[in-house]
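J.: This structure is in structure tokens; I'll ask about it shortly.
The values are calculated or read from the model by the stated rules, or taken from the named source; none is laboratory data. In this text, all values refer to a predicted model and were calculated from it rather than measured experimentally. All Cβ positions, glycine included, derive from the backbone under ideal geometry; neighbour counts span all protein chains shown. With ligands, DNA and RNA removed, areas are computed over all heavy atoms of the protein, side chains included. Shrake-Rupley method; radii C 1.70, N 1.55, O 1.52, S 1.80 Å.
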Amino acid sequence: MNSSYDVVIVGGAVIGSAVAYFLTANPDFNGSVLVVERDGSYAKASTSLSAASIRTQFSNAINVKISQFGSAFIRDFAETMRVGDDRPDLNFHSGGYLFLAGTAEQEQTLRENHAVQKACGADVVLWDQEALARAFPHLNVDDIRLASYGQSGEGWFNNTGLMYGFRNKARAQGAEFVSDEVVAIGRDGDAVNSVTLKSGAVIAAGTIVNASGPRAALTARMAGLDVPVEPRKRTLFVFDCAKTPEGSASVNQGRLPLMIDPSGVFCRPEGRFFLSGAVPEDDPAVDWDDFEPRWHEFEDMVWPALAHRSAGFEAIKVVNQWAGHYDFNTLDHNLIVGRHPQVRNFVYANGFSGHGLQQGPAAGRGVAELIIYGGYRTLDLSEVGYERIVENRPFLEKAVI
Ligand SMILES: Cc1cc2nc3c(=O)[nH]c(=O)nc-3n(C[C@H](O)[C@H](O)[C@H](O)COP(=O)(O)OP(=O)(O)OC[C@H]3O[C@@H](n4cnc5c(N)ncnc54)[C@H](O)[C@@H]3O)c2cc1C
């Protein structure tokens, strides 16, 4: 490790590694990159604990486009991230998200979102009750007014594979990764200039990128700054099913989708099991080290909703569960990517609010462009910049799970 780097990235999971990759992959960048990661096992990183899924069904065009890039990037990942003979295959499972609307308001939202998605070229269809019953005959559709289904470009994949692919390729391209914790950030007026590590080292930095996930606010505070991101607990349950439901062979070769019930409960196949979870009714910020699963959510929310939706889900048994933290943006549930307007060499890549895995490729590329060119060259991410935080101007994403 040197005593000075052009770019220091605080946090080395999917976002930090993606930024490091896109910087070092760009021939217009000749600088040095250090990624500091406090937990080399990534055991509690949101990246490792996520549901590992990607969708194009969002309410904002920018989020649709971010995921369209993510989807294409994941498709080509093994070749793009190849290091020697190692081709990291993400085992992408093309599953499709199925959003179900039970109320008039939910139906209206699905229709509005669909118009946005179609304008972006997303492969999403709306189904009435009859079409839904034909596509997924196991579902109880009596209380469903409308469904929205992603026919392609959506699915799930290997979450840590995405992170390690970026990380390994970034290292092969010259980025350095160190296991340590950033405990202080030096600032002189309108510029940050160094990080202090727990081991005692002080490293000079030209630019500092905040890629600290749910700890983003702690990192920002070290620089005397802020970001409205807090850890919100999400518990995932893997269950076995006595009688596994089947899809219709005419839809995606009979593969079941990632279904989002009107109640907010979701489930998708996970190998021979199913992965499920719910949006908690009570959703406070939690301690950064509190990873105790909320066991009761399965009995109280997940199972009743699923048993109502499909007879196949009446007899199910939990085989695994864990809790992770959403990097929750309390202003508008949307990513915050961009420079601080005054402290311009402090760059945020935070607040992904449950979408950061799929948004990793676009966010990493965007941050790299900001650092190298001072502006975006491909997808313009200005709408999700930090300015809206200062101006208290929410850019709300409605399709949050
Ligand atoms: C249960 C759950 C389900 C999810 N499902 C999906 C999904 O299906 N699809 C999707 O796209 N997204 C999903 N997400 C969201 C996604 O996982 C996150 O948005 C994304 O992983 C954020 O990546 P990150 O690198 O910013 O944060 P993290 O993965 O949390 O990584 C941040 C890293 O920074 C390190 N760090 C923090 N502070 C410091 C410091 N001071 N010094 C050094 N290192 C530091 C941490 O140790 C950590 O490794 C889900 C999240 C959860 C919790």
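J.: With the structure loaded, tell me whether Gly70 is surrounded by fewer than 20 Cβ atoms within 10 Å (Cβ to Cβ) and either within 16 Å of the ligand (Cβ to nearest atom) or not in a helix (DSSP H, G or I) (or both) or whether it fails that test.
T.: no
J.: Taking the stated definitions as given, is Ala349 within 16 Å of the ligand (Cβ to nearest atom), over 18 Å from Arg55 (Cα atoms), at pLDDT 95 or above and crowded, with 20+ Cβ neighbours inside 10 Å?
T.: yes
J.: While we're looking at this one, here's another question. Working only within segment 221-250, note down all residues that are part of a helix (DSSP H, G or I) and surrounded by fewer than 20 Cβ atoms within 10 Å (Cβ to Cβ).
T.: Matches in segment 221-250: Arg221 only.
J.: Okay, next question. Which residue is nearest to the ligand (Cβ to nearest atom), if the candidates are limited to segment 203-220 and must be open to solvent by less than 10 Å² (accessible area, probe 1.4 Å) and under 11 Å from Pro231 (Cα atoms)?
T.: Ala216
J.: While we're here: Sort through Leu98, Leu90 and tell me the only one that's over 26 Å from Val337 (Cα atoms) and either at pLDDT 95 or above or not assigned by TED's automatic domain parsing to the domain that holds Ile208 (or both).
T.: Leu98
J.: Check off (1) more than 16 Å from the ligand (Cβ to nearest atom); (2) open to solvent by less than 40 Å² (accessible area, probe 1.4 Å) for Asn193 and give me the number that stays unchecked.
T.: That leaves (2) as the condition not met.
J.: Here are some residues: Ser59, Ser41, Ser48. Which one is outside any helix (DSSP H, G or I), open to solvent by 10 Å² or more (accessible area, probe 1.4 Å) and within 15 Å of the ligand (Cβ to nearest atom)?
T.: Going through Ser59, Ser41, Ser48 in turn, the sole match is Ser41.
Table: residues versus (1) over 24 Å from Tyr42 (Cα atoms); (2) open to solvent by less than 40 Å² (accessible area, probe 1.4 Å).
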| site | (1), (2) |
| --- | --- |
| Val318 | yes, no |
| Ala323 | no, yes |
| Asp332 | yes, yes |
| Glu397 | yes, yes |
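J.: Among Gly360, Gly375, Gly354, which is the only one that is open to solvent by 10 Å² or more (accessible area, probe 1.4 Å), among the small types (Gly, Ala, Ser) and within 15 Å of the ligand (Cβ to nearest atom)?
T.: It is Gly354.
J.: List the residue pairs whose Cβ atoms are under 8 Å apart, where the first residue sits in segment 213-227 and is closer than 13 Å to Ala285 by Cβ, the second is more than 11 Å from the ligand (Cβ to nearest atom), and the two are 6 or more positions apart or on different chains.
T.: Every condition considered, the pairs that remain are Pro214/Glu230; Ala216/Val227; Ala217/Asp226; Ala217/Val227; Ala217/Pro228; Ala217/Glu230.
J.: Another question about this same structure. Just the residues that are within 12 Å of the ligand (Cβ to nearest atom) and charged (D, E, K, R), please, taken from segment 221-237.
T.: Arg221, Arg232, Lys233, Arg234
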